[in-house]
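Reviewing the structure listed below.
The values are calculated or read from the model by the stated rules, or taken from the named source; none is laboratory data. Remember, predicted model here, so these are calculated numbers, not experimental data. So basically every Cβ, Gly included, is an ideal-geometry build from the backbone, and we count neighbours across all protein chains shown. Just so you know, the surface numbers come from the protein's heavy atoms only, side chains and all, with ligands and any DNA or RNA stripped out. Shrake-Rupley method; radii C 1.70, N 1.55, O 1.52, S 1.80 Å.
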There are 4 protein chains.
Amino acid sequence: MINVAVAGCAGRMGSTVVSAVNASDDMTLVCGIDPHGTDESYPVYESIEAALENKDFDVLVDFTQPKVVAHNVSEALKQGVNCVVGTTGLSIETLEDLASQATDDACLFFAPNFTTGAVLMMQFAKAAAPFFPEAEVIEYHHCNKLDAPSGTAISTARAIAESRDFVSTAPGKETELEGADGARGALVKGVPVHSVRSMGFVASQEVIFGSYGQTLTIRHDSWDRESYMPGVLLGIRSVESQRGLIVGLENFMGC
Amino acid sequence: MINVAVAGCAGRMGSTVVSAVNASDDMTLVCGIDPHGTDESYPVYESIEAALENKDFDVLVDFTQPKVVAHNVSEALKQGVNCVVGTTGLSIETLEDLASQATDDACLFFAPNFTTGAVLMMQFAKAAAPFFPEAEVIEYHHCNKLDAPSGTAISTARAIAESRDFVSTAPGKETELEGADGARGALVKGVPVHSVRSMGFVASQEVIFGSYGQTLTIRHDSWDRESYMPGVLLGIRSVESQRGLIVGLENFMGC
Amino acid sequence: MINVAVAGCAGRMGSTVVSAVNASDDMTLVCGIDPHGTDESYPVYESIEAALENKDFDVLVDFTQPKVVAHNVSEALKQGVNCVVGTTGLSIETLEDLASQATDDACLFFAPNFTTGAVLMMQFAKAAAPFFPEAEVIEYHHCNKLDAPSGTAISTARAIAESRDFVSTAPGKETELEGADGARGALVKGVPVHSVRSMGFVASQEVIFGSYGQTLTIRHDSWDRESYMPGVLLGIRSVESQRGLIVGLENFMGC
Amino acid sequence: MINVAVAGCAGRMGSTVVSAVNASDDMTLVCGIDPHGTDESYPVYESIEAALENKDFDVLVDFTQPKVVAHNVSEALKQGVNCVVGTTGLSIETLEDLASQATDDACLFFAPNFTTGAVLMMQFAKAAAPFFPEAEVIEYHHCNKLDAPSGTAISTARAIAESRDFVSTAPGKETELEGADGARGALVKGVPVHSVRSMGFVASQEVIFGSYGQTLTIRHDSWDRESYMPGVLLGIRSVESQRGLIVGLENFMGC
């Protein structure tokens, strides 16, 4: 049985983690940590120090804020508690520095994306890229997303470009008709990226690879933050047998 | 039994029409018309005049050249022969003028697109547009297509814009990140159009409609010029009961 | 301004209708009717009689129970109030009988499905069927759906079969390998229907039409009950200019 | 420069290999081997013995017949010529026996499928399976395919079942409505497989994985035998640095 504490347990992500841990047979929710969470059905502490003083736990899951996460993780690692971090905003240098403070072989695991399907999509795109002369990315998001392309789409396009050692010769932006600028999408390291913004989507992405007489398409559709949970649980289960700093869920997915 | 003559029978489209007519139980191929077609298994004449003089036919199918088509059609209509025209390049004025020369209630039928699925996609897009706040078009073509977007995609986007009486409020090109111009596609009358160019495609198009918690997607994939044939045969079968000028296969598709 | 009352306002569908009406510029929520709804921000009556006695409204929306709906609708129509009914379980005979009780040209509108995209999918499938030798239906639902195929898939397959006057000659169940019964799906009036059951879906359906060198695909994805609301609002806006019994949202969608 | 001989050069696959080799900058077509191929633009021998006697080549590509392939490969390997074999019908024992006859570290490479995208689809399906509670396979083929499901679909389903150590709990065939047998597809090792047969397809397959609030879809579309060629060329380029028996293109694709 893995004993888990959740920092940021009153937030949207944190409260979903609490539910997921409670629903798992091999985990026990020991406590939450959140200055805004009081009247819950489980013990909630205002600070990481109070939690560490009062409770024993094997893993700290942190979905808090950029300002708070480093302190939480530092305190936990010093006490030998493994950390699973989804809070963004920490530089790789800060992550390395934090990991170096760990005692008892505690592991610091950070993932920019906990959605198993999205992580696999990225890994598969990298693996396929060398074998297909052409690749394009189409991402679909709700209308509240006010930047295009998405961060995942940019990362995917970059990964494709780095994985293949050639430049696609497909017709480019020079073939766009007058008045139709943008038809061929945004070029990210030479990979066209198209962004659809529409009601009816949450977060979807399609990577299309083309070769002689064939296409290979990898698509991920995500509908709510529940989609993060299998990845978070995988992280919790995996950190105990690890040490040092690990970045990226793909390290626990065998690909 | 409908007696059919095919002008341009030595060309790519014309020869496919010849095969399709031969394979149809309710049609007879009477002759071809083509200065370049001689050693065929059916009579081929060098000119429309020679064909009309030597043979009786109910319908002339014309897949020739912009320079030749008007003369062929004019001669046929004057003799009361119905015409099914796929050759592009005739203005609507020229078509009307030609139709006015018809005798015996002969019909002049012209279609810019004979692919049944593509025509339905367009009609369905028009019908759906008023009910969905957002609509985007993605078209996929082979790498030899050196203009983007495709003509069909432009027509579809225009038809959507005309069919709905509102302007979509989805995030536009102003949300494109720096250096990522084109992510939101080309705006055609306010409808984003995205063009994919890749090996592995011939001609495909997807129209995506979005509303509260739902999307409706209409997709057409076309793999070879055979896809034109059901539409050509439908035209041949339909013209006899029609008269005057008819433009567009949708007139024979009940939608 | 259309004055609206919502019967079943404390239920899942009814409360969503309340929100949608409140969010519409051209409608006013006059009251709710629900024995289980008391502490709301709008007047709620226990019965249709109480509501009709105390409030004036143009349209009654009913998302209640099979046992209650007939009484509600009968009382409303007798008072000349138009009805928009989403509650299932009324036979066509009962609906006709109810409609005959209407005074002042009140209209009774019932729709088995208020999702605009699903209704269009069905209409488009009917329109396309005669032009494609083959058609198959694939539906995707969550794992809580314990019957296969879905009602919508069965209706779609039947509509396709009725719309075309031929039987598909595609390879059938006789081509299923030993031990692989079911590969070719369930035959509904000769149309193969395939049911996917998986986490990650709510309610999706794809209709695939095939012909020479082309396919036409119509797909609808629905993610929550919000997807019903545009159809309910369309019904509310449309009933006032109608009379008698109208069944099916397609009557208000011009297709 | 790699010197290549093609056995079965007059056949459909073999002649496509000849074209692909001729179009490659790093290969030279030295000769063909085929009793039915005479009037070609390159030397063609009637037997492997004649070819080996008259020409030097590094790699023999064999797309012949089950009866002929073993003899061809045996002769070539004994002379130290690497073999790339696409002809089916050889058991693993026969392949091992042939490989043991090789001299000079010659390599025997056999692939049941040379389509890069199909091979990747299979590998990706294996990699994803452990992370998704549900998986289903849908395959789409032309109407001339008279067995269902396809061999690739069966292999994919088996690979998924072996890769995950759990049984899906999605609703099964017991939820099929009366008269709708087959809706949930064919169960292959517990994985539902659905077969679509329709004009407009050549060979396509989709693998759909479902988890909490997300789906991951891997789709491969193949339109002609050209799609085999990148895989054949990859095999030709890879065998020289290998020895012994290698089965499966995935061994040369880094996944």
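Let's see how each residue does on (1) in contact with a helix residue (DSSP H, G or I) (Cβ under 7 Å, 6 or more places away or on another chain); (2) not β-branched (Val, Ile, Thr):
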position: D:49; (1), (2): yes, yes
position: D:73; (1), (2): yes, no
position: D:96; (1), (2): no, yes
position: D:114; (1), (2): yes, yes
position: D:120; (1), (2): yes, yes
position: D:130; (1), (2): yes, yes
position: D:133; (1), (2): no, yes
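Do we have residue C:245 as of a type in the set (A, V, I, L, M, F, W, C), assigned to a strand (DSSP E or B) and touching a Lys or Arg at 6+ places or on another chain (Cβ under 8 Å) here?
In short, no.
Quick grid of which residues meet (1) at pLDDT below 95; (2) open to solvent by 10 Å² or more (accessible area, probe 1.4 Å); (3) among the basic types (Lys, Arg); (4) over 18 Å from the mean Cα position of the chain (by Cα):
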residue: A:100; (1), (2), (3), (4): no, yes, no, yes
residue: A:106; (1), (2), (3), (4): no, no, no, yes
residue: A:131; (1), (2), (3), (4): no, yes, no, yes
residue: A:138; (1), (2), (3), (4): no, no, no, yes
residue: A:141; (1), (2), (3), (4): no, yes, no, no
residue: A:178; (1), (2), (3), (4): no, yes, no, yes
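Among the criteria (1) closer than 29 Å to residue D:133 by Cβ; (2) facing another protein chain (nearest Cβ under 7 Å); (3) at pLDDT 95 or above, the one residue D:199 does not fulfil is (1). Close Cβ contacts (under 6 Å, 6 or more residues apart or on different chains) running from residues in segment D:1-26 that are over 14 Å from residue D:60 (Cα atoms) to residues that are of a type in the set (Asp, Glu) and part of a loop (DSSP other than H, G, I, E, B) comprise D:10/D:34. Taken over segment A:64-98, the criterion of being hydroxyl-bearing (Ser, Thr, Tyr) and buried (at least 19 other Cβ atoms within 10 Å of the Cβ) is satisfied by A:64, A:87. Filter segment D:161-176 down to the residues that are in contact (Cβ under 8 Å) with a residue 24 or more places away in the chain and of a type in the set (D, E, K, R), then identify the one that is surrounded by the most Cβ atoms within 10 Å (Cβ to Cβ). Ranking the candidates gives D:164 first. When residue C:146 is tested against the conditions (1) open to solvent by 60 Å² or more (accessible area, probe 1.4 Å); (2) under 25 Å from residue C:89 (Cβ atoms); (3) more than 7 Å from every other protein chain (Cβ to nearest Cβ), the lone failure is (3).
Summed over segment B:180-196, residues that are facing another protein chain (nearest Cβ under 8 Å) and either of a type in the set (A, V, I, L, M, F, W, C) or part of a loop (DSSP other than H, G, I, E, B) (or both) total 11. For segment D:113-127, the criterion of a residue being among the polar types (S, T, N, Q), open to solvent by less than 10 Å² (accessible area, probe 1.4 Å) and under 25 Å from residue C:201 (Cα atoms) is satisfied by no position.
Residues that are hydroxyl-bearing (Ser, Thr, Tyr) and touching a residue at least 40 places away in the same chain (Cβ under 8 Å) were ranked within segment C:203-255; the one that is most open to solvent (accessible area, probe 1.4 Å) is C:228.
Assigned to a strand (DSSP E or B), within 15 Å of residue A:217 (Cβ to Cβ) and not β-branched (Val, Ile, Thr), is that true of residue A:135? Yes: the conditions hold for residue A:135. Of all residues in segment A:202-236, those satisfying the criterion of being at the interface with another protein chain (Cβ under 7 Å from one of its Cβ atoms), under 24 Å from residue C:221 (Cβ atoms) and not in a strand (DSSP E or B) are A:223, A:224, A:226, A:227, A:229, A:230. On inspection, residue B:17 passes the criterion of being open to solvent by less than 10 Å² (accessible area, probe 1.4 Å) and β-branched (Val, Ile, Thr). All conditions but one from (1) under 24 Å from residue B:133 (Cβ atoms); (2) open to solvent by 10 Å² or more (accessible area, probe 1.4 Å) apply to residue A:152; the one that does not is (1). Within segment B:180-191, being within 23 Å of the chain's Cα centre (by Cα) and crowded, with 24+ Cβ neighbours inside 10 Å holds for one residue alone: B:191.
Where helices (runs of 4 or more DSSP H) sit wholly within segment D:1-117, those with at least 3 residues that are in contact with a Cys (Cβ under 7 Å, 6 or more places away or on another chain) and more than 22 Å from residue A:131 (Cβ to Cβ) occupy D:66-78.
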